[in-house]
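Below is one structure, written out as structure tokens, with a few remarks after it.
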Amino acid sequence: MIYDEEFETLPREALEALQLKRLKQVVMRAYHTVGFYKRSFDRTGIKPDDIKSLQDLSKLPFTTKQDLRDNYPFGMFAVPMSSIVRLHASSGTTGRPTVVGYTHRDIDTWSELMARCFVAAGVTKTDIIHNAYQYGLFTGGLGVHYGAERLGASVIPISGGNTKRQILILQDFGPTVICCTPSYALNLAEQGRAMGVDMASLRLRVGIFGAEPWSEEMRKQIENELNISALNIYGLSEIMGPGVAMECAEGREGMHIFEDHFIVETIDPETGHNLPPGEKGELVFTTLTKEAFPLIRYRTRDISRLILTPCRCGRTHIRMDRVMGRSDDMLIIRGVNIFPSQIEAILLEVKELEPHYQIIVDREGNLDTLEIQVEVSESFFDQADEVKVLQSLERRIQRDIKDYLGVTAKVKLVEPRTLQRSEGKARRVIDKRRIMA
Amino acid sequence: MKVEQLSVFIENRPGGLEEVTRILKEGNINIRTLSLADTSDFGILRLIVNDVNKASQLLKENGFRVSRTQVVAVEVPDRPGGLHSILEVLARANINVEYLYAFVERSGENAVIIFRFDDVDKAIDLLERHHFTILKGEKLYSL
């Protein structure tokens with residue numbers, strides 16, 4: 001099923017003509033309203049008028065996460081605050097989040113694209129949608145919510161957490177669609193089983209999962225355990241939020257990028273050169289219609305590849321494969337973005353520790369686990385040979401990490417010399433998750 | 001009147017303890033008594049040895065976290081109520097015991113209880129006033 005028959009099936013030629021028209025507009029607007037773009041274009045000596053074809057896009061400079069941080073909080077906004085109706089934010093490396101703004105029209109576009117996602121998954125207005133994405137600064141909850149309302153379906157704004165209550169509502173309200181991170185879906189299945197609930201006989205029939213990398217194996221597992229069709233959704237707050245790309249129920253292979261609103265490129269993350277379409281590389285997005293927060297050639301750091309073959313669903317929009325990794329060191333733990341440098345910044349504040357640490361990410365059952373190994377300093381141990389003192393240190397670090405980063409980590413004190421010393425490049429992060437099998 | 005105890009931080013994993021004892025063996029260090037406090041992740045091995053300085057140095061050289069703590073060794077007759085007689089006095093004086101461990105002397109007549117107190121001097125003072133036998137460090141190291 002297709003929500004917007006006209007725009008989602010535009011012949012490539014017409015689609016590209018529309019993209020070019022919108023690209024010219026957004027580049028012009030960004031240049032004249034956002035100081036950052038003017039400076040960055042001027043530095044490379046390019047003018048908005050130089051964009052005459054879609055190929056000319058590659059002449060424009062990239063925008064990076066660092067640029068967004070440098071312009072924290074509102075420096076990238078292209079409209080005055082009086083036109084902004086919503087703010088969202090994602091975590092950043094230095095504890096400063098990346099802030100994004102939306103005008104009325106932006107929220108409208110976002111709702112529209114999320115509605116497209118639902119319809120691509122086979123959802124209709126008669127469905128009841130259990131939305132377990134977190135509501136709040138994270139774009140997941142409200143993004144999905146508005147799309148569901150746009151479609152006219154019934155939304156249960158359950159948000160994340162309180163798993164037992166979620167299972168009760170899954171049984172009693174009988175939602176037919178569930179939206180959350182894939183790991184949370186498996187967690188729900190497991191908890192439900194532990195509570196004696198037959199999770200395969202719930203009324204659920206479709207699941208829309210995203211915000212973290214997951215594999216085909218996980219899809220099969222979720223589909224078996226919940227007896228649903230599980231589909232992949234892609235988005236990131238900088239570009240818009242969930243609903244940048246969505247897998248269709250007919251194809252189930254790659255997510256259609258809504259190309260009437262975004263232009264996607266793949267680049268070599270090392271050189272920044274454009275790669276031939278279909279090659280694996282870093283995805284770069286340009287927003288075509290966003291008013292408040294236009295992004296020109298934004299480097300997502302997500303590694304994937306574009307699928308060029310036409311899809312049997314009839315959409316003409318290009319597809320992207322599952323995200324296969326990151327070109328930076330960002331970790332996604334239970335849907336939360338974390339950079340090792342954030343953890344490091346917290347640890348370096350703790351004077352009872354040596355400046356060595358290791359981060360171990362794993363998946364136990366269906367949940368990501370984060371373990372942080374640290375060494376207690378000689379001077380601290382010299383005054384504290386008691387278990388309770390060391391354990392309270394562990395708890396204090398754990399609390400700091402929870403407070404600053406929003407994830408629960410296991411903090412483990414280890415013997416000195418267990419942790420690799422930095423000789424050039426220390427291996428600070430060990431990711432044992434096997435997601436891309 | 002105080003005894004020096006070595007505390008060694010060890011991870012809770014197979015072979016963790018063995019490394020410590022091997023280093024001590026190779027350094028010809030004799031362990032008088034010991035105790036191990038454990039959690040799921042780590043443990044603290046507490047030792048009374050015949051040569052505190054050497055043992056501490058050897059362990060540190062091998063990368064272990066070692067601390068030296070003042071403890072009190074009290075000798076009591078090895079019979080029912082022996083330990084209780086000490087704890088009774090401590091409880092009445094409101095002195096907290098952080099941890100303790102014990103061993104029986106070679107003669108078999110006396111037991112030695114190793115105490116860790118928050119306030120070591122106050123505890124020693126109290127125990128002496130109640131005529132308990134407090135062992136000197138040198139005596140214990142060379143038992």
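The values are calculated or read from the model by the stated rules, or taken from the named source; none is laboratory data. Predicted model, so just to flag it, every value in this text is computed and none were measured. When we count neighbours, we look across all protein chains shown, and the Cβ atoms used for this are built from the backbone with ideal geometry, even at glycine. Heavy atoms of the whole protein, side chains included, go into the accessibility calculation; ligands, DNA and RNA do not. Shrake-Rupley method; radii C 1.70, N 1.55, O 1.52, S 1.80 Å.
List of remarks:
- Applying 1/(1 + (r/R0)^6) with R0 = 41 Å to the Cβ-Cβ distance of A:ILE360 and A:LYS47 gives a FRET efficiency near 0.25.
- Looking at chain A, the accessible area is 41 square angstrom per residue; that uses a 1.4 Å probe and ignores ligands, DNA and RNA.
- Under 5 Å between amide hydrogens, built in the peptide plane, is the criterion, and for B:TYR99 it picks out B:ARG116 among residues at least 5 positions away or on other chains.
- In terms of its C-alpha gyration tensor, the stretch B:36-94 has a prolate overall shape, because the principal axis ratio a/c (a ≥ b ≥ c, square roots of the eigenvalues) is not below 1.5 and a/b outweighs b/c.
- By definition, a body whose alpha carbon gyration tensor gives a ≥ b ≥ c is prolate when a/c is 1.5 or more and a/b is larger than b/c, and the stretch A:281-437 fits this prolate description.
- Cα-based shape type of chain A, given that a ≥ b ≥ c are square roots of the gyration tensor eigenvalues and the cut on a/c is 1.5: oblate
- A compact globular protein would have a Cα radius of gyration near 2.2 N^0.38 Å; the ratio found for the stretch A:1-158 is 1.21.
- Helix-only CD estimate at 222 nm, as mean residue ellipticity for chain A, using -39500 (n - 2.57) per DSSP H run (n ≥ 4): -10000 deg cm²/dmol
- With a 1.4 Å probe rolled over the protein heavy atoms of all chains, the accessible area of A:TYR146, B:TYR141, A:TYR404, B:TYR101 falls in the order A:TYR404, A:TYR146, B:TYR141, B:TYR101, largest first.
- Amide hydrogen neighbours beyond the local backbone of A:ARG334, cut-off 5 Å, H modeled: A:ASP368
- Net charge contributed by nearby residues that have their C-beta within less than 13 Å of B:PRO77 (K/R +1, D/E -1): -3
- DSSP beta bridge pairing in chain A, given as percent antiparallel to the nearest 5: 65
- Residue-span extension gain [B:ARG92 to B:GLU128] - 0.36 nm each, minus C-alpha spacing: 11.5 nm
- Pairwise burial A:B, computed as accessible area of each alone minus the pair, summed, 1.4 Å, Å²: 2100
- Listed residues A:HIS145, B:HIS131, A:HIS256 arranged by accessible area, highest first, probe 1.4 Å: B:HIS131, A:HIS145, A:HIS256
- Estimated at the nearest 10 Å², the accessible area of A:SER237 is 10 Å² with a 1.4 Å probe.
- Gained length - A:ARG252 relative to A:ASP4, 0.36 nm times residue gap less alpha-carbon distance: 87.4 nm
- Members of the stretch B:8-54 that become less accessible by 10 Å² or more once partner protein chains are added (1.4 angstrom probe, chain alone as reference): B:PHE9, B:GLU11, B:ARG13, B:GLU19, B:ALA37, B:THR39, B:ASP41, B:PHE42, B:ILE44, B:ARG46
- Fully extending the segment from B:LYS139 to B:SER107 would add 10.1 nm, taking 0.36 nm per residue of separation and subtracting the current Cα-Cα distance.
- For chain A, the share of accessible area belonging to carbon and sulfur comes to 50 percent (1.4 Å probe, ligands and nucleic acids excluded).
- Heavy atoms of A:TYR72: accessible area, 1.4 Å probe, square angstrom to 10: 90
- Computed over protein heavy atoms with a 1.4 Å probe, the accessible surface of chain B works out to 49 Å² per residue.
- Put a plus charge on the Cβ of each Lys and Arg, a minus charge on the Cβ of each Asp and Glu, and nothing anywhere else: the dipole of the protein assembly as shown about its Cα centre is then about 680 debye.
- Scattering curve values for the stretch B:3-69, log₁₀ I(q)/I(0), Debye with Cα scatterers, q = 0.12, 0.16, 0.21 Å⁻¹: -0.25, -0.45, -0.80
- In nm, spacing of pseudo-spin labels at A:ASP431 and B:VAL120 (7 Å Cα→C-beta vector): 5.0
- The calculated 222 nm mean residue ellipticity attributable to helices in chain B amounts to -9500 deg cm²/dmol, summing -39500 (n - 2.57) over DSSP H runs of n ≥ 4 and dividing by all residues.
- Under Karplus coefficients 6.51, -1.76 and 1.60, residue-wise ³J(HN,Hα) of the stretch A:320-334 in Hz, glycine/proline x: 10, 6, 3, 5, 9, x, 10, 8, 10, 9, 5, 10, 10, 10, 6
- Within the stretch A:367-399, the residues that become at least 20 Å² less accessible when every protein chain is included than when their own chain is isolated (1.4 Å probe; DNA, RNA and ligands ignored) are A:VAL376, A:GLU378, A:PHE381, A:ASP382, A:ASP385, A:GLU386, A:VAL387, A:LYS388, A:LEU390, A:GLN391, A:GLU394.
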